[in-house]
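Encoded as structure tokens, the structure appears first; notes follow it.
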Amino acid sequence: MNYAIEMLNITKDFPGIRANDNVTLQVKDRSIHALLGENGAGKSTLMSILFGLYQPTEGCIKIRGKEVKITDPNVANELGIGMVHQHFKLVECFTVTENIVLGMEPHKNGVLDLKSAAKKIKELSEMYGLNVDPDSLISEISVGMQQRVEILKMLYRNADILIFDEPTAVLTPQEITELISIMKNLVNEGKTILLITHKLKEIKAVADECTVLRRGKYIGTINVAEATEKQMAEMMVGREVNFSVAKEEAKPGDVVLSISHLNVKNNKGLLGVKDFSLDVRAGEIVGLAGIDGNGQTELVHALTGLCKIESGTVTLNGNDITNYSIKKRIEEGLGHIPEDRHKHGLVLDFTLEENFAIHAYNVEPFAKNGFLNKAEITKNAERLIEQFDVRSGQGAKTITRSMSGGNQQKAIIAREIDRSPELLLVVQPTRGLDVGAIEYIHKRIVEERDKNKAVLLVSLELDEILNLSDRVAVIFNGELTGVVDRKNTDENELGLMMAGSKKEVN
Amino acid sequence: MKKYEKIIAPLLAILLGILIGTILLVFSGKSPIYMFSTLIKSVIGYDILKPGPINLRYFGEFLVFSMPIILTGLSVGFAYRTGLFNIGGEGQVLVGSAASTAAALLLPMSGVPHLIACLLAGALAGAIWAFIPGILQVKKNINVVVTAIMLNYVGLHFSNWVVQQMPTFAKAKTDYFPVSLKSPFLASITNNSRLHWGIIVVLVALVIYHVLIEKTSFGYSLRATGFNREGARYAGMKVDRNVVYAMMISGAMAGLAGAIITLGTFGYGRQLGASEGYGFDGIAVALVGGCNSIGIFLAGLLFGALKVAQPAMQALQIPKDIATIISACIILFVSMQYGIMDVVYKVVGRFKKKDEVVTKDGGEA
């Protein structure tokens, strides 16, 4: 058997932690191999070893059968290993070509020669069906296109082993479908792909084999065609996994959030939300479904006070909060789990305990007479860490940036739920998280509902909407296309509504 | 960066800066021993080449040079912690000077209350001068950097105009003030140096800075704003208000620097041909000091030493530009501190690996 990559019996110790424990990963040439594991299972460490960022404590690496020592990323590049990072490393104000050649600019007699580079990029793009225009500016192309530029960057450097780190986390469903076909193209043209992910659906759709890691240990390698999603999930988590959330019938109470004839402008100055009306009652979860970019962000920003409302009203528990400040809305009982946890949810350079105090930093018990009460802040953090099982390196004093995405999200959820808000506005709560974390977060959201709180769930994942919601509202082009009962609807109907076919509001 | 890195990296930067200065000096055909002896003499008043009694006047003068740049360092650091770059320290120092001059000559007061009024006038003028870029940033989205730089020039001419209006103005300066920070006591213990009570102002400012930033809830919201403005806004903080307040406090610190120079070092109002660079020194001090109060204090002393040693170096035919080059190199290396730590770890890693071969106990940091 020809293996492109063999990482044999790799062990990696960090002070106090064994990040990889006797892990073996063998990737067949010209195949797509998935590396599956929860956050913190050791995937990134293993990849950092392959990429030369860390040296293994024990074990050896073979590339195409030859044992190699990868001492730094340059060695990895020379061996033909290229990585498409989850967070793109692109210069926004440069063109595609300029970004791709960055670091190895072609020149003729000392003068930059972008023309020949652009030609080569065009050829590569056509060969692999990437459809990238070498002359566009990065700032003007979509996220999906930007990812293709990252792929081209690797191809341009003659990489033939491509590592994709969580490539679909930032993509829309359509872009995911396109990426899958691109990956298949790449393999057909002789490349080998190593896909790091925890999305089982995608593994099923694209990978040939799958290696599973759990808590640093090697669990096994399976043939994807013969395995079910459920089996893979169980290997990953180490116990049986429930994809559907157990919940009882909702007992809706009074209206908590009432949105009426809301109009909101988007950042282009056009109406992003048009004449939108929706009620959310206590004790129910209303899911807002829709394709990305149909006004969800504007609606959420209008509800939380991050952007101005043009016209219409929003009431919370009967109070008109339309013109309230962000702070006043929070005090009025609005909890918000934001879409972008790095930008809005957390101050990444703060410690975990400081982030937990962010809404109440200036009132007792966290502050008195303008001075912070650090003991109380720590106590509060330790309580939440315990209660919500937030894992971090140094407990309450951990810099939030160093925590895994799943635990960052858990921290936000802990903070918001702990305030016990009347209305919980949850946006894309499980984006980029693994099965175990998703299960946990879904459970917590349903618990809030059962505590008779109102929940508005905005999600691009239809599965999530269907799993959690009691009622589903659909937004298209900024307008409400309808509200349906979860019991009486299915993916097909919602799909049509998401594409704009109206349904009478019931 | 880890805690110990925050200490080691600037120290390495300083060593490297001094090293480069030394090498350049050797190339220019001068003995670096004179440079070091001048530096040491300028700080503690002891000449290692000509051993004799310690002359504390040098120490006093060294502090006189360091005091205002510690204050402007605090000024830049405070704004920086809120995510703002206050490059307008220069102008804020000058209007602070002018305001304290006016207060000293015009206010019908006397004694310590008059002195405090003069200091407050300086701080207030600096705060107002920094309020302008702050409010323009918030209301009109005009970058503070641009406005602050332009206000440096306006500040120079405006403060000169103010000084010229003083009743006792003649030959580019005013008469001596009825009050000043000058201290016969401090002068007497430092062999008649110009050391003055401004030192108390500096120490108080250092404490206020530390408490305000690290201990108060206001400081917490400023830090949140500095790290993640959108995140702070989302959490319900008044980000715009924080920006304006942070600029004003920053400006007040710079204004105080101007006040202690005028009230303490000179004791009379001056008309200036050009800015004296205290504001820009503050940027270096804040950067090297890592924007925390102890760091700024130490960095202020360092740059104060390099500043005060320049005339003495010149006297020994050592180009005073060497001191400027050292300052510049230190700033450069501090900006490269991540890279420097990277190199350090590589070197340390190599030593560690050699150990491993011998001891075979595995594991690396």
> Okay, which of the stretch A:465-506 sit inside 15 Å, backbone N to the point 7 Å along the Cα-Cβ direction of A:Asn242?
Replying inline: A:467-469
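Going highest first, how would you order B:316-325, A:37-46, B:250-259 by mean Cβ packing within 10 Å?
Values: B:316-325: 16.8, A:37-46: 23.6, B:250-259: 33.8.
The densest-packed peptide leads the list: B:250-259, A:37-46, B:316-325.
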> Per residue in the stretch B:224-244, which ones lose no less than 40 Å² of accessible surface when going from chain alone to all protein chains (1.4 Å probe)?
Replying inline: B:Phe227, B:Asn228, B:Glu230, B:Arg233, B:Tyr234, B:Ala235, B:Gly236
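How many partner chain Cβ atoms sit within 10 Å of a residue's Cβ in peptide A:364-372, on average, as a whole number?
Shielding by partners across A:364-372 averages 3.
Helix-only mean residue ellipticity at 222 nm, the protein assembly as shown, DSSP H runs n ≥ 4 weighted -39,500 (n - 2.57), per residue, nearest 500. What is it? Don't skip to the end; give the middle numbers.
Working: 31 runs with 424 residues, N = 871.
For the protein assembly as shown, the value works out to -15500 deg cm²/dmol.
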> Quick one: Karplus J couplings for the stretch B:114-128, per residue in order, coefficients 6.51, -1.76, 1.60, θ = phi - 60°, nearest Hz, x for Gly and Pro?
Replying inline: 4, 4, 5, 4, 5, 4, 5, 4, x, 4, 5, 4, x, 5, 5
> Along the Cα-to-Cβ line of A:Glu422, 7 Å from the Cα, sits a label point; which residues in the stretch A:438-476 have backbone N less than 15 Å from it?
Replying inline: A:452-456
> Among residues other than B:Thr72 whose Cβ falls under 10 Å from its Cβ, what is the net charge (Lys/Arg +1, Asp/Glu -1)?
Replying inline: -2
> Taking H as built 1.01 Å from N, whose amide H comes closer than 5 Å to the amide H of A:Met83, not counting residues under 5 places away?
Replying inline: A:Ile163
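B:Gln137: net charge of surrounding residues, Cβ under 13 Å, Lys/Arg +1, Asp/Glu -1, itself excluded?
Details: positive: B:Lys139, B:Lys140, B:Arg229, B:Arg241; negative: B:Asp240.
Here the count lands on +3.
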> Which lysines have a Cα lying under 16 Å from the Cα of B:Lys346, excluding residues fewer than 8 positions away in the same chain?
Replying inline: B:Lys354
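Calculate the FRET efficiency for A:Lys308 and A:Val255 from the Cβ-Cβ distance with a Förster distance of 22 Å, rounded to the nearest 0.05. Kindly include the intermediate steps, with their values, before the conclusion.
Numbers: r = 24 Å, r/R0 = 1.10.
Calculated value: 0.35.
Return the Rg/Rh value of the stretch B:77-129, two decimal places, where both radii are evaluated on C-alpha atoms and Rh is the Kirkwood radius.
On the way: Rg = 13.0 Å, Rh = 11.8 Å.
Computed over Cα atoms, the ratio is 1.11.
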> Using modelled backbone amide H atoms (1.01 Å from N, in-plane), which distant-in-sequence or interchain residues come within less than 5 Å of A:Asp135's amide H?
Replying inline: none
>> Given 25 °C and 0.890 mPa s, compute D for the stretch B:69-291 with the Stokes-Einstein relation, Rh being the Kirkwood radius over Cα pairs; round to the nearest whole µm²/s.
In response: 140 µm²/s
> Under a 5 Å amide H to amide H cut-off, with H placed in plane at 1.01 Å, what residues pair with A:Leu195 once short-range neighbours are removed?
Replying inline: A:His33, A:Ala34, A:Leu35, A:Phe164
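How big is the antiparallel share of DSSP beta bridges in the protein assembly as shown, given as a percent to the nearest 5?
On the way: 53 of 89 bridges.
Taking every DSSP beta bridge within the protein assembly as shown, about 60 percent pair in antiparallel fashion.
What total accessible area, in Å², is buried where chains B and A meet, using a 1.4 Å probe and rounding to the nearest 100?
Working: alone 18200 and 23350 Å², together 39230 Å².
Answer for the B-A pair: about 2300 Å² buried.
Net charge near B:His210, counting Lys/Arg +1 and Asp/Glu -1 over other residues with Cβ under 15 Å of its Cβ? Working shown, then result.
Numbers: positive: A:Lys374, B:Arg81, B:Lys215, B:Arg223; negative: B:Glu214.
Summing Lys and Arg as +1 and Asp and Glu as -1 gives +3.
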> Using the Karplus equation 6.51 cos²θ - 1.76 cosθ + 1.60 (θ = phi - 60°), what ³J(HN,Hα) coupling, rounded to whole Hz, does each residue of the stretch B:94-100 give in order, writing x for Gly and Pro?
Replying inline: 5, 5, x, 4, 4, 5, 6
> How large is ³J(HN,Hα), in whole Hz, for each residue of the stretch B:328-339 in order, when computed from phi with the Karplus curve 6.51 cos²θ - 1.76 cosθ + 1.60 and θ = phi - 60°, using x for Gly and Pro?
Replying inline: 4, 5, 4, 4, 4, 5, 5, 5, 9, 4, 5, x
> So what are the three principal axis dimensions of the stretch A:254-407 from its Cα atoms, in whole Å, longest to shortest?
Replying inline: 47, 34, 32
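Counting heavy atoms of the protein chains only and a 1.4 Å probe, report the per residue accessible area for the protein assembly as shown as a whole number of Å².
Details: 39230 Å² over 871 residues.
On a per-residue basis, the protein assembly as shown sits at 45 Å².
I'd like the Kirkwood hydrodynamic radius of the protein assembly as shown, using the inverse of the mean 1/r over distinct C-alpha pairs, in Å. Don't skip to the end; give the middle numbers.
Details: mean 1/r = 0.0320 Å⁻¹.
Mean inverse Cα-Cα distance, inverted, gives 31.2 Å.
Return the Rg/Rh ratio of the stretch A:3-237 with Cα-based radii and a Kirkwood Rh. Mind dumping the intermediate values first?
Working: Rg = 18.0 Å, Rh = 18.4 Å.
Reported Rg/Rh (Cα atoms, Kirkwood Rh): 0.98.
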> Quick one: if you stick a label point 7 Å off each Cα along the C-beta vector at A:Leu137 and A:Asn488, how many nm between them?
Replying inline: 5.0 nm
> How large, in percent, is the carbon and sulfur part of the accessible surface of the protein assembly as shown at a probe radius of 1.4 Å?
Replying inline: 57 percent
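Rounded to a whole number of µm²/s, how large is the Stokes-Einstein D of the stretch A:344-419 at 20 °C and 1.002 mPa s, given Rh as the Kirkwood radius over C-alpha pairs?
Values: Rh = 12.1 Å.
So the translational diffusion coefficient is about 177 µm²/s.
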>> Using a 7 Å offset from the Cα along the Cα-to-Cβ direction at both B:Tyr153 and B:Glu214, what is the distance between the two label points in nm, to one decimal?
In response: 4.1 nm
> Extent of chain A along each principal axis, from alpha carbon coordinates, in Å, largest to smallest?
Replying inline: 70, 50, 49
>> In Å, what Kirkwood hydrodynamic radius results for the stretch B:1-140 from the alpha-carbon pair distances?
In response: 19.0 Å
> How many nm separate the modelled label positions at A:Glu58 and B:Arg57, each set 7 Å beyond the Cα in the direction of the Cβ?
Replying inline: 7.2 nm
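The values are calculated or read from the model by the stated rules, or taken from the named source; none is laboratory data. As the structure is a computational prediction, the values presented were derived from the model and not from experiment. Here the Cβ is made from the backbone with ideal geometry for all residues, glycine too, and neighbour counts use every protein chain on show. Heavy atoms of the whole protein, side chains included, go into the accessibility calculation; ligands, DNA and RNA do not. Shrake-Rupley method; radii C 1.70, N 1.55, O 1.52, S 1.80 Å.
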